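To start, the structure under review is shown below, and the notes come after it.
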Amino acid sequence: MKKRYNKILLTAIATIFAFVSVTYVSCIKVDDKPYSCDYHACLNGGICYKGTCNCPAGYDSVYCNTMWIDKYPGKWAVSEVIKGSSHPWRVGMDSAFAIVVRKGGTNTSLLIDSFMNNWYYHDIPVQITTSTTIMFSPYFCPYNTTPAFSISGGDGVMDASYKTIQGTYYRRIQDSVSTANDTVDYTMTKL
C-alpha cells in the first residue's frame, strides 16, 4: 500500500512540476527578447525588423512618425557663388537673396519661390532624397522673361541642426546677347 501511495505522490509531483514549467515558459515577457517587434507601432507604412522600425521614404524617427519634409518649408536666406561658367569672367560672382520653400505634391517634394530674387522664377521643383539631402529637378522658367532661366540639376546636404543647406546646382541664363552655363555653389540658411 505504501508503494502505491509513493507512486501516486510521485505522479502528482511530476504533474505539478510539468504544469509549473509550462506556466513559467509561457509567461516569459517579450522584453526578454531584444529583437521582438511586439509592442512596436511603426507608423506611416513602416515595418518592424529585429525590434527597429524601417521607415518608408519621407519618414524617420523611432516609430516613423516624423516627416522629412517638415524641416524644409519656410523662408530661407541664400548666398551663392559661381564656381564655373561658360563665360570665365562670371566665375567668382556672388549674390544673396531670400526664397520661400513650400511643400510640393508629395511627402518628398518641395517647391521654391522667388529664386534669384525674381518673382517669375517660382515653383522650382526639389526632391528630398534622404532625411538630409535634396536634389534639384530640371526646371525651365515658363514665362517670357529676361534673362531666360533654367536649372539642369543639383544637390544639397542639410546640417545636423536643420538650419543650413549647402550644395551645388547647374543653371543656364540666356539674355539677348549670350547664354551662360554656370555651376553655382550655394548656402541656404533658414530664417
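Only one of ASP94, ASP60 is among the acidic types (Asp, Glu), modelled with pLDDT of 85 or more, within 28 Å of SER161 (Cα to Cα) and assigned by TED's automatic domain parsing to the domain that holds ARG171. Can you tell me which?
Values: ASP60 fails: assigned by TED's automatic domain parsing to the domain that holds ARG171.
Result: ASP94 is the single residue among ASP94, ASP60 that is among the acidic types (Asp, Glu), modelled with pLDDT of 85 or more, within 28 Å of SER161 (Cα to Cα) and assigned by TED's automatic domain parsing to the domain that holds ARG171.
One residue is enough: does segment 70-79 have a residue meeting the conditions within 20 Å of the chain's Cα centre (by Cα), polar (S, T, N, Q) and at pLDDT 90 or above?
No, the conditions are met nowhere in segment 70-79.
Condition check: surrounded by fewer than 18 Cβ atoms within 10 Å (Cβ to Cβ) and under 15 Å from the mean Cα position of the chain (by Cα). Does TYR63 satisfy that? Break it down into steps so the answer makes sense when it comes.
Working: surrounded by fewer than 18 Cβ atoms within 10 Å (Cβ to Cβ): yes; under 15 Å from the mean Cα position of the chain (by Cα): yes.
Yes, satisfied.
May I ask you to list the residues in segment 53-71 that are within 20 Å of MET188 (Cβ to Cβ) and without any contact (Cβ under 8 Å) to a residue 60 or more places away in the chain?
First, the residues of segment 53-71 that are within 20 Å of MET188 (Cβ to Cβ): 67-71.
Within segment 53-71, MET67, ILE69, ASP70 qualify.
Looking at segment 68-95 only, could you name the residues that are in contact with a Phe, Trp or Tyr (Cβ under 6 Å, 6 or more places away or on another chain) and not in a helix (DSSP H, G or I)?
Those that are in contact with a Phe, Trp or Tyr (Cβ under 6 Å, 6 or more places away or on another chain) and not in a helix (DSSP H, G or I): VAL78, GLU80.
So PHE19 clears everything in (1) outside any loop (DSSP other than H, G, I, E, B); (2) at pLDDT 90 or above; (3) farther than 30 Å from VAL184 by Cβ; (4) not polar (S, T, N, Q) except one condition, right? Which one?
(2)
Give the residues of segment 111-144 that are over 19 Å from LYS190 (Cβ atoms), surrounded by 14 or more Cβ atoms within 10 Å (Cβ to Cβ), at pLDDT below 90 and polar (S, T, N, Q), sorted by residue number.
Correct list: ASN118 only.
Could you grab the pairs with beta carbons closer than 6 Å, sequence gap of 6+ or different chains, first residue in segment 88-114 and free of Cβ contacts under 8 Å to residues at least 12 places away in the same chain, second one in a strand (DSSP E or B)?
From residues that are free of Cβ contacts under 8 Å to residues at least 12 places away in the same chain, the pairs are VAL91/ILE82; VAL91/SER85.
Restricting the search to segment 76-102, which residues are of a type in the set (D, E, K, R) and surrounded by fewer than 12 Cβ atoms within 10 Å (Cβ to Cβ)?
Quick first cut of segment 76-102, residues of a type in the set (D, E, K, R) only: 80, 83, 90, 94, 102.
Result: ASP94, single match.
The values are calculated or read from the model by the stated rules, or taken from the named source; none is laboratory data. Quick caveat: nothing in here was measured; it's all calculated off a predicted structure. When we count neighbours, we look across all protein chains shown, and the Cβ atoms used for this are built from the backbone with ideal geometry, even at glycine.
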